[in-house]
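The next block holds one structure in the form of structure tokens; read it before the comments.
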Amino acid sequence: MSLDTSLSIRVNGEHRRVPGGLSIAEMVSQLGLDPLRVAVERNLEVIPRSTLGELCVEDGDDFEIVHFVGGG
Amino acid sequence: MNAPKPIEADTWSVAGRTFTSRLIVGTGKYKSFEENAAAVEASGAEIVTVAVRRVNIADPNQPRLTDFIDPKKITYLPNTAGCFSAEDAIRTLRLAREAGGWSLVKLEVLGEAKTLYPDMRETLRATEVLVKEGFEPMVYCVDDPIAAKQLEEAGAVAIMPLGAPIGSGLGIQNRVTIRLIVEGAAVPVLVDAGVGTSSDAAVAMELGCDGVLMNTAIAEAKDPLLMARAMRSAVEAGRLAYLAGRMQKRRYADPSSPLAGLI
């Protein structure tokens, strides 16, 4: 019998499943993004870039990942 | 000697940062990043406004603004465009500070989609919270000298009244109130929004504003690069005219050639 240890999260409004034990930085990298070039909010709280590698993704987390785009 | 004042020395400062160019340009509505970068270059701007938006996780390798406009050379001023409440604007700027690592930001809290007029109650509330959190907000606002004063008292590092609605290109609709704001403010005043062509930018500067912020006037010109150059010249011309001090208006003619010695 194998236990499904994957976590259910939302990223920018989209549902995703990721393996358990990932840091937030690893999750961002797996999406093909450079953690140094984005800002991450988890459950409405901004995560300082310096701690992205230390904090783990938790089941049910709701992430917003943003960057700068053209605007006036 | 009557040496001309060195124009190079005419700088302005906001929140302890000093700039030579008095033109701030937006980075929206351009056909391409290349055109956008070339327009910024042609405008001579040292500050560009940028928006904070979700990354496209379906296509993470799309070209990025930062690949074309180097944030190390040009100051990025993150805005809160599209935010209709203080909470949304504060949330956006908290993320912007993490993305960019700096606290100088442009706050705008809009009241309605039709006019994009600022909601001053929410704007003032957001300013107070942001200042407490260590932000240095340059604040988009109505052209109301009392509201401008209240923002300044709340800690806004620059007052940015609209000349006309965002993206309208109608030019400065109320020179009197813009001038009143300039006279009352101890922080920089920049006309933000409403500029349509170069004469509008010159008017803002002739009124004594410290700078002008625009996006659509350049981006939607038939030739954005040429318009960027025009705006650069207009801002400089308006500034020089303001420093020079214009002649008094009079109701009737006054000949420029001497009357004495007429044949």
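Okay, here's what the table says:
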item	result
Unique residue being more than 11 Å from every other protein chain (Cβ to nearest Cβ) and not aliphatic (A, V, I, L, M) when the list is A:Ser23, A:Ser29, A:Ser50	A:Ser23
Residues within segment B:87-104 that are assigned to a helix (DSSP H, G or I) and open to solvent by less than 30 Å² (accessible area, probe 1.4 Å), tallied	8
Unmet criterion (only one of (1) free of Cβ contacts under 8 Å to residues at least 24 places away in the same chain; (2) farther than 22 Å from B:Ala204 by Cβ; (3) not charged (D, E, K, R)) for B:Cys141	(2)
Residue in segment B:165-184 that is under 25 Å from B:Ala217 (Cα atoms) and touching a Ser or Thr at 6+ places or on another chain (Cβ under 6 Å) present	yes
Residues being more than 7 Å from chain A (Cβ to nearest Cβ), in contact with a Ser or Thr (Cβ under 6 Å, 6 or more places away or on another chain) and not in a strand (DSSP E or B) - total across segment B:30-64	3
Any hit, segment B:162-170, residues being open to solvent by 10 Å² or more (accessible area, probe 1.4 Å) and under 18 Å from B:Val50 (Cα atoms)	yes
Condition broken by B:Ala126, with the remaining ones in (1) closer than 28 Å to B:Thr20 by Cα; (2) in contact with an Asp or Glu (Cβ under 9 Å, 6 or more places away or on another chain) satisfied	(1)
Test set (1) open to solvent by less than 40 Å² (accessible area, probe 1.4 Å); (2) more than 7 Å from chain B (Cβ to nearest Cβ); (3) over 12 Å from the mean Cα position of the chain (by Cα) - A:Phe68 fails condition number	(2)
Checking B:Ser21 against (1) within 12 Å of chain A (Cβ to nearest Cβ); (2) part of a loop (DSSP other than H, G, I, E, B); (3) within 17 Å of the chain's Cα centre (by Cα), the condition it does not meet	(1)
Whichever residue in segment A:32-47 is more than 10 Å from chain B (Cβ to nearest Cβ) and modelled with pLDDT of 95 or more and, among such residues, is farthest from B:Gly101 (Cα to Cα)	A:Asn43
Answer from A:Val66, A:Val46 - the residue that is closer than 30 Å to B:Glu34 by Cβ and in a strand (DSSP E or B)	A:Val66
Which numbered condition B:Gln150 misses (of (1) open to solvent by less than 10 Å² (accessible area, probe 1.4 Å); (2) in a helix (DSSP H, G or I))	(1)
Of all residues in segment B:167-177 being modelled with pLDDT of 95 or more and not polar (S, T, N, Q), the one that is farthest from A:Gly71 (Cα to Cα)	B:Val176
Some residue of segment B:117-138 being within 14 Å of another protein chain (Cβ to nearest Cβ), open to solvent by less than 20 Å² (accessible area, probe 1.4 Å) and outside any strand (DSSP E or B)	yes
Selection within segment B:65-75 - free of Cβ contacts under 8 Å to residues at least 12 places away in the same chain and part of a loop (DSSP other than H, G, I, E, B)	B:Asp70, B:Lys72, B:Lys73
Matching residues in segment B:207-227 - criterion: being surrounded by 21 or more Cβ atoms within 10 Å (Cβ to Cβ) and either away from chain A (no Cβ under 14 Å) or in a loop (DSSP other than H, G, I, E, B) (or both)	B:Leu207, B:Cys209, B:Asp210, B:Gly211, B:Asn215, B:Met227
Odd one out for B:Gly16, checked against (1) open to solvent by 70 Å² or more (accessible area, probe 1.4 Å); (2) over 14 Å from B:Met138 (Cβ atoms)	(2)
Among residues of segment B:95-116, those that are under 29 Å from B:Glu41 (Cα atoms) and within 13 Å of chain A (Cβ to nearest Cβ), counted	12
All positions within segment B:168-198 that are part of a helix (DSSP H, G or I) and either under 13 Å from the mean Cα position of the chain (by Cα) or farther than 23 Å from B:Gly28 by Cβ (or both)	B:Arg175, B:Val176, B:Thr177, B:Ile178, B:Arg179, B:Leu180, B:Ile181, B:Val182, B:Glu183, B:Gly184
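Residue by residue, here is whether (1) open to solvent by less than 60 Å² (accessible area, probe 1.4 Å); (2) within 25 Å of B:Tyr117 (Cα to Cα) holds:
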residue	(1), (2)
B:Ala42	yes, no
B:Thr49	yes, yes
B:Arg53	no, yes
B:Ile57	yes, no
B:Asn61	no, no
B:Leu65	yes, no
B:Ile69	yes, no
B:Asn79	yes, yes
B:Ser85	yes, yes
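The values are calculated or read from the model by the stated rules, or taken from the named source; none is laboratory data. As the structure is a prediction and not an experimental result, all values here were calculated from the model. Because the Cβ atoms are built from the backbone with ideal geometry, glycine has one as well, and the counts that use them run over all protein chains shown. Ligands, DNA and RNA are stripped out before the accessible areas are found, and what is left, the full protein with its side chains, is counted by its heavy atoms. Shrake-Rupley method; radii C 1.70, N 1.55, O 1.52, S 1.80 Å.
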